[in-house]
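Contents: one structure, followed by commentary.
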Amino acid sequence: MKTLRLDGLLKIVIVLAIASLGASVFVLLDPWHWIGATAERVGISQALSTALALLLGTIAIIVAVTVERTEYRAQEALRSDVVELAATLHSVLTKTAAWYARRGQTGTPPPAPDFEAERYAIGRFLCSPTGFAFLCRAAEKSAEAGRRNAPEVWRGFSLVLADLQMLQGTALARFVYEARDAFFEMVDLIGHLSAHDLRQIRRFLEDFEHAMPFYRQAMAESVLVRAFRNLH
């Protein structure tokens, strides 16, 4: 069962708080004289306020629990992971461009660029729950593209990241230069993530049973994994 969304809970809190204020004021004023004495109205108003305060307190506890749930933390991590990956790829591209520019100016190769921070960030993404969700989304998109007989850029996403993570220094810069079409496809993919893409990726983080068939599909369709499995 899906967890209640935090924004929905906050809306409920706001509505109940307004309702509590309105009910208390209405009972105190009693414009149609339904209740009677002032003391009686005050008692009823206090009782309503207390009941609604208890209800609001219960919802506040639910909100706190929801925030602490693994699923919610994973959703928040998704935003952070995607932003970090986008910044990492920009850093790789900038360092590569600067290295080639200096090589062209001097005629001799400059010192090898240092990509260690970027390689660490890429490796962390690949091994994170977000990386798993992206892998499942790639399998899902691949199936959709197959039905439409359309080109699919998601399938190479993890492969390009793996190549970037394994290489270092001059070898990594040369790879970015030689495979720049695939590199820019991956950058464009991140830059054009739609609201639907993000919802599907979040679903893989929230619904384990939904994710696993796509994980199996991704492993079965991976050319490198299949070749490795068939080695004798």
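Checking each residue in region 99-136 for being small (Gly, Ala, Ser) and either surrounded by 14 or more Cβ atoms within 10 Å (Cβ to Cβ) or under 28 Å from Trp154 (Cα atoms) (or both) picks out Ala117, Ala121, Gly123, Ser128, Gly131, Ala133.
Taken together, the criteria exclude Arg203 from residues that are charged (D, E, K, R) and out of contact with any His (no Cβ under 9 Å at 6 or more places or on another chain).
Here are Phe204, Phe228, Phe184: which of them is in contact (Cβ under 8 Å) with a residue 40 or more places away in the chain and either out of contact with any Gly (no Cβ under 7 Å at 6 or more places or on another chain) or surrounded by fewer than 16 Cβ atoms within 10 Å (Cβ to Cβ) (or both)?
Values: Phe228 fails: in contact (Cβ under 8 Å) with a residue 40 or more places away in the chain; Phe184 fails: in contact (Cβ under 8 Å) with a residue 40 or more places away in the chain.
The conditions single out Phe204.
I'm checking my understanding of the structure. Among residues of region 75-119 that are part of a loop (DSSP other than H, G, I, E, B) and touching a helix residue (DSSP H, G or I) at 6+ places or on another chain (Cβ under 6 Å), which one is nearest to Leu193 (Cα to Cα)? So the residue we want is Phe115.
Rule-based calculations on the coordinates, nothing more; no lab input. Predicted, not measured: the structure shown is a model, and the values here were computed from it. Note that we place each Cβ from the backbone using ideal geometry, even for glycine, and neighbour counts take in every protein chain shown.
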